[in-house]
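Peer 1: Next up is a structure, given as structure tokens.
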Amino acid sequence: MANFHVIIPAAGSGSRMAADLPKQYLPLAGRPMIAWTLEPFLSCERISSVHIALSPDDSHWQAHAPHHPKLSILHCGGLSRAETVLNVLKGLHVEQSDWVLVHDAARPGLTPQLLNYLLDELQDDAVGGLLATPVADTLKRADAKNRVASTEPREGLWQAQTPQMFRYGILKEALIQAGEPPTDEAQAIEALGFSPKLVIGQLRNFKVTYPQDLALAEAMIAAYHQEARK
Ligand code: CTP
Ligand code: MG
């Protein structure tokens, strides 16, 4: 049976967060964000290995992050997220048919239940896929002055999240062949002519991007763990 491996690209600088530290190290409910992000993968028995990709000059990991026998730390970050992921894939010695899940370091809200749901939905799939949510709000197209130019139909539109889960061999090939760096793994897979499956995610798995997102992420994590302790 195919094994499941996880790659966490964590080599970004968090420019939109504009904090003293890269956002993956900022404190959330008593722990660094990256510790919350890693938790569901480290505690999931179905996951064989977890690989975190840091920037080559990252000096924060030691002070902020957990140790775990399943976890390997790689200072192989590239100029884009796609390059970071490809650098990890090139050094991974796993079966071509093994599954690789790529998950943003800045998504600390993934739950074990949502992770297991994704694995269940995709483990027998021919292509693989990703967590995503159908667009709920009305969509407006802006003109150059940020006035509404038009209202766009939202039918059939989804917002991509992570984990994105594909077979090792196909994912590596897709990222090697990609020209302009794709913004997610699915885009590279699509360029090879495949149609990744959309698996319904949850809003709580949002990507922490701006300073105001921290309070929301903290409240969400604190509430979840209070509930889990009951
Ligand atoms: N990432 C990476 N290597 C890069 C750029 C991004 O590993 N060269 C990672 C980030 O660390 C993050 C994920 O990709 O976990 C998603 O990227 P994003 O949310 O855009 O994070 P940053 O690039 O750090 O933030 P910003 O775009 O605001 O600078
Ligand atoms: Mg970025």
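Peer 1: Only Lys, Arg, Asp and Glu count, each charged at its Cβ (+1, +1, -1, -1), so figure out the dipole size of the chain about its Cα centre, rounded to 20 debye.
Peer 2: Numbers: 20 positive and 25 negative charges, 108 e Å.
Computed about the Cα centre, the dipole is about 520 debye.
Peer 1: Could you derive backbone 3J(HN,Hα) for segment 24-39 from the dihedral phi with the Karplus parameters 6.51, -1.76 and 1.60 (θ = phi - 60°), listing whole Hz in sequence and x where the residue is Gly or Pro?
Peer 2: 5, 9, 5, x, 9, 6, x, 9, x, 3, 4, 5, 5, 5, 6, 3
Peer 1: Can you tell me the order of 34-41, 152-159, 109-116 when each peptide is scored by its average per-residue count of other Cβ atoms within 10 angstrom, highest first? Before the final figure, lay out the partial values.
Peer 2: Details: 34-41: 22.4, 152-159: 10.9, 109-116: 17.6.
Most protected by this proxy first, the peptides run 34-41, 109-116, 152-159.
Peer 1: Answer with one residue from Y168, A106, A144: the one whose Cα lies farthest towards the positive end of the charge dipole of the chain, charges on Cβ with Lys, Arg +1 and Asp, Glu -1.
Peer 2: Going by the charge dipole, the pick is A144.
Peer 1: In percent, what relative contact order does the chain have, based on Cα pairs under 8 Å that are 6 or more apart in sequence?
Peer 2: Details: 405 pairs, mean separation 55.1, N = 230.
24 percent.
Peer 1: Okay, next question. Please list, in chain and number order, the residues 5+ apart from H75 or on another chain whose amide H is under 5 Å from its amide H, with Hs placed from the backbone.
Peer 2: Close amide H contacts, sequence-distant or interchain: L54.
Peer 1: Sticking with this one: Would you please classify the overall shape of the chain from the alpha carbon gyration tensor, given that a ≥ b ≥ c denote the square roots of the eigenvalues, rounded means a/c under 1.5, and beyond that prolate means a/b larger than b/c while oblate covers the rest? Let's see the in-between values first.
Peer 2: Details: a/c = 1.31, a/b = 1.06, b/c = 1.23.
Taking the square roots of the gyration eigenvalues as a ≥ b ≥ c, the chain is rounded.
Peer 1: Under a 5 Å amide H to amide H cut-off, with H placed in plane at 1.01 Å, what residues pair with I7 once short-range neighbours are removed?
Peer 2: So I7 has HN proximity to H51, L101, V102, H103.
Peer 1: State whether segment 121-230 is rounded, prolate or oblate according to the following rule on the C-alpha gyration tensor (a ≥ b ≥ c being the square roots of its eigenvalues): a/c under 1.5 gives rounded; otherwise a/b larger than b/c gives prolate, and the remaining case gives oblate.
Peer 2: Numbers: a/c = 1.90, a/b = 1.11, b/c = 1.71.
Since a/c reaches 1.5 but b/c is at least a/b, the shape of segment 121-230 is classed as oblate.
Peer 1: Report ³J(HN,Hα) in whole Hz for each residue of segment 10-16, in order, from the Karplus equation J = 6.51 cos²θ - 1.76 cosθ + 1.60 where θ = phi - 60°; Gly and Pro get x.
Peer 2: 9, 10, x, 9, x, 4, 6
Peer 1: Report relative contact order for segment 43-154 in percent, whole number only (criteria: Cα-Cα under 8 Å, sequence separation at least 6). It would help to have the intermediate numbers written out before the result.
Peer 2: Working: 79 pairs, mean separation 17.1, N = 112.
Once divided by the residue count of segment 43-154, the mean separation gives 15 percent.
Peer 1: At a 10 angstrom cut-off on C-beta neighbours, averaged per residue, how do the peptides 60-68, 183-191, 140-148, 128-136 rank from highest to lowest? Spell out each step's value before the answer.
Peer 2: On the way: 60-68: 13.1, 183-191: 20.9, 140-148: 8.6, 128-136: 18.9.
Highest mean packing first, the order is 183-191, 128-136, 60-68, 140-148.
Peer 1: Using θ = phi - 60° and the Karplus curve 6.51 cos²θ - 1.76 cosθ + 1.60, what whole-Hz ³J(HN,Hα) does each residue of segment 174-191 get, with Gly and Pro shown as x?
Peer 2: Once rounded to whole Hz, the list reads 4, 6, 5, 7, 5, x, 3, x, x, 7, 9, 5, 4, 4, 5, 5, 4, 5.
Peer 1: Calculate how many DSSP beta bridges within the chain are antiparallel, expressed in % of all such bridges and rounded to the nearest 5. Mind dumping the intermediate values first?
Peer 2: Details: 16 of 35 bridges.
Around 45 percent of the beta bridges assigned by DSSP in the chain are antiparallel ones.
Peer 1: Using the Cα gyration tensor of segment 1-85, with a ≥ b ≥ c the square roots of its eigenvalues, what is the shape: rounded (a/c below 1.5), prolate (a/b larger than b/c) or oblate (neither)?
Peer 2: Cα axes put segment 1-85 in the oblate bin.
Peer 1: I would also like to ask the following. What order do you get for 194-204, 162-172 when each peptide is scored by the mean count of other beta carbon atoms within 10 Å, highest first?
Peer 2: On the way: 194-204: 17.0, 162-172: 23.5.
Output ranking for 194-204, 162-172: 162-172, 194-204.
Peer 1: Placing +1 at every Lys and Arg Cβ and -1 at every Asp and Glu Cβ, with all other atoms neutral, what dipole size does segment 149-230 have around its Cα centre, in debye to the nearest 20? Write out the running numbers ahead of the final one.
Peer 2: On the way: 8 positive and 10 negative charges, 85 e Å.
For this selection, approximately 400 debye.
Peer 1: Taking 7 Å along the Cα-to-C-beta vector as the label spot, tell me the W158-K140 distance in nanometres, rounded to one decimal.
Peer 2: 2.8 nm
Peer 1: Test of understanding: what is the full-extension gain from K70 to Q226, defined as 0.36 nm times their sequence separation minus their Cα-Cα distance? Please report the intermediate quantities before stating the final value.
Peer 2: Values: separation 156, 0.36 × 156 = 56.16 nm, distance 2.67 nm.
Value of the extension gain: 53.5 nm.
Peer 1: Heavy atoms only, probe 1.4 Å: what % of the accessible area of the chain goes to carbon and sulfur, would you let me know? Provide the component values of the computation, followed by the final result.
Peer 2: Numbers: 6130 of 11950 Å².
For the chain, the apolar C and S fraction of the accessible surface comes to 51 percent.
Peer 1: For segment 70-225, what is the accessible area per residue in Å² when the probe is 1.4 Å? Present the calculation step by step, with values, prior to reporting the outcome.
Peer 2: Working: 8100 Å² over 156 residues.
With all protein chains present, segment 70-225 gives 52 Å² per residue.
Peer 1: Next question. Under 5 Å between amide hydrogens, which residues at least 5 positions from K207 or on another chain qualify, with H placed 1.01 Å from N in the peptide plane?
Peer 2: none
The values are calculated or read from the model by the stated rules, or taken from the named source; none is laboratory data. These figures come from a predicted structure and were not determined experimentally. Note that we place each Cβ from the backbone using ideal geometry, even for glycine, and neighbour counts take in every protein chain shown. Note: areas computed on protein heavy atoms with side chains; ligands, DNA, RNA excluded. Shrake-Rupley method; radii C 1.70, N 1.55, O 1.52, S 1.80 Å.
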